[in-house]
1. Taking beta carbons within 10 Å but only from partner chains, what does the mean come to for residues A:9-19?
2. Debye sum, Cα scatterers, the stretch A:15-71, no solvent: what log₁₀ I/I(0) at q = 0.18 1/Å?
3. Residue separation times 0.36 nm, minus the C-alpha to C-alpha distance between B:Glu123 and B:Arg27: what's the value?
4. Any idea what angle helix B:136-146 forms with the longest principal axis of chain B, computed on alpha-carbon atoms, 0 to 90 degrees, nearest 10?
5. Looking only at other chains, what is the average number of their beta-carbon atoms within 10 angstrom of each beta-carbon in B:149-159?
6. Please give, to one decimal in nm, the separation of the simple spin-label points placed at B:Glu182 and B:Asp160, each 7 Å out from Cα toward the Cβ.
7. Give the average, rounded to an integer, of partner chain Cβ atoms located within 10 angstrom of each Cβ in B:52-62.
8. For each pair in A:Lys220/B:Lys69; A:Lys170/B:Lys69; A:Lys170/A:Lys220; B:Lys91/B:Lys167, compute the distance between the two Cα atoms and list the pairs where it is over 22 Å.
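What follows is calculated from the coordinates using simple rules that are stated; it is not laboratory data. Values in this document were obtained by computation on a predicted structure and should not be read as measured data. Note that each Cβ is placed from the backbone with ideal geometry, even for glycine, and that neighbours are counted across all protein chains shown.
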Amino acid sequence: MDPRCQETREMAANLALGIVEGEERGRALQHLAECPECRAEVEKFSDVADELLLLAPHREAPVGFESRVLNELLPPPQPKRRRRLRLVLAPAAAALAAAAIVLAIVSPDLRLASHYRHTLDQANGREFESYALRGPGDTHVGTVFSYEGSPSWVHIDVDPGASSGLTQAKLVTDDGSQVPLRWFHLDPAGGSGGSIPVDPHHVSVLRLSGASGSRTLIAKFGD
Amino acid sequence: MDVDPSDEALLAGFATGHPRTAAAFVRRFQGRVYGLAMTIVRQPPIAEEVAQETFARVYRHAGNYDARKGRVSTWLLSIARNLAIDQTRMKRLDPVDPEVIAAEISIENQVPGADEVGLQPDERDQLRSAITDLPDDQRRALVLSAYMGRTAREISDLDDVPLGTVKTRIRTAMIKLRDELEVLE
C-alpha cells in the first residue's frame with residue numbers, strides 16, 4: 001500500500017470526527033482530494049460519526065421556541081394591497097406610476113426569487129424551485145415547491161380561501177404526458193407533498209382540480 | 001396515500017421563507033436540535049440559544065447543503081454540535097462527565113424523521129449496545145471527541161495518557177462501530 005494511503009487510513013476515523021489538526025490534517029486532505037479509495041474509507045467513518053449524533057436524546061423544545069425562531073428569521077407578512085387605485089395623472093406620470101405599482105405588487109415575489117437565486121447559485125441551481133399557483137383571473141392562490149433529487153418531490157401549498165374541493169393533482173410534462181399525483185390530499189392547512197416520478201425540469205405544468213374538473217388551479221414550472 | 005414532505009423539501013421551503021413549510025421544518029427538527037444542544041451544554045437557556053442559532057445558520061446557508069454528502073438531519077446536528085461546543089468554550093461551562101453522555105445516548109428515546117433513511121430503530125439499538133460494550137477508556141475517548149469536540153491532543157492532556165494511545169482508542173472504537181454498521185447493512 002502507498003505510504004500516504006496507509007497514513008491517511010490510520011487517521012480516517014479521527015478525520016471523520018474532525019479531531020485531526022495542523023499539518024497532519026493538511027496532508028490528509030490533500031491526499032483525500034486525489035485518492036477515491038481513501039475518501040471512501042473516511043466516508044464510512046463519517047457515517048458512524050453521523051449516527052453518533054443521531055443517538056443524542058430528543059428533548060421537547062421550550063414552549064414558544066418555534067415562534068421565536070420563525071419571528072426572528074422570516075420577514076413580517078406584507079400588508080394587504082388596496083384592491084382599487086384611482087389614478088388621475090398625466091400619461092407619462094401614469095406610466096411611471098403603473099411601473100411602480102407593478103413593482104410593488106411583485107416585490108414580495110422578487111424578494112423570494114432573489115433569496116432563491118442566492119440559494120440556487122450556491123447549490124449549482126439544481127435542487128430547489130418555487131412556482132406561483134394561480135387560479136381564475138390569474139390570481140395568486142398558493143405556491144408549489146419542487147426539489148430535484150432522489151426522489152424528486154413537490155410540495156403544494158394552497159391558500160385557505162382557494163383550497164376547498166380540490167381532489168386531483170396532475171403534472172403535465174414537456175412532451176405532453178400527464179402524470180397523476182395519487183398521494184395528493186390537502187391537509188386542513190392546505191398543504192400536500194410527495195415524491196414525483198419525473199425530473200422537475202421536464203414538468204411544464206402542475207394542475208389541481210376538483211372531482212368534476214370544474215375548478216382548476218395551475219402552476220407553470222419555469223415561470 | 002398521504003406522504004409527508006421529505007426533509008429536503010421542507011428545507012427548501014424553509015430556505016425560501018415560506019411560513020408554513022418553515023414552521024413544519026422547525027417543528028420536525030427542534031426536538032433533536034435542542035436535545036443535542038442540551039446533551040452538550042446542559043443548561044436550558046444556553047441550549048435554546050444554540051438551537052435558535054442552529055436554525056438561523058441553516059436558514060442563511062441552506063444553499064450549502066449538499067444531499068450527496070449526507071442527510072438534512074445530520075447536517076443540522078453537525079451545525080448544532082459545533083455551536084454547542086463553541087458555547088461551552090466561550091462560556092467556560094463545567095465539563096460534562098463523558099460517562100453521563102454515554103449513558104444518555106444508550107437510552108432509546110428517538111423520534112425518527114418522516115423519511116429517515118438512516119438506521120431503523122432496532123438497528124440504532126444495536127449501535128447503542130455496541131457503544132455500551134466498548135471498553136471504558138475507548139467509550140470515554142469517543143464521547144469526548146464526537147460530542148465534546150476534544151482533539152486527540154486535548155484528550156491526551158486531560159487524561160494524562162500518550163497521544164498515540166488516545167488516537168488508537170478512538171480509532172479502535174470507531175472501527176468496532178463501523179463494523180457493527182456494516183453488519184447491519
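1. 6
2. -0.71
3. 32.1 nm
4. 40
5. Averaged over the peptide's residues, the number is 2.
6. So the two model labels end up 3.8 nm from each other.
7. Mean number of neighbouring Cβ atoms from other chains: 4.
8. A:Lys220/B:Lys69; A:Lys170/B:Lys69; B:Lys91/B:Lys167
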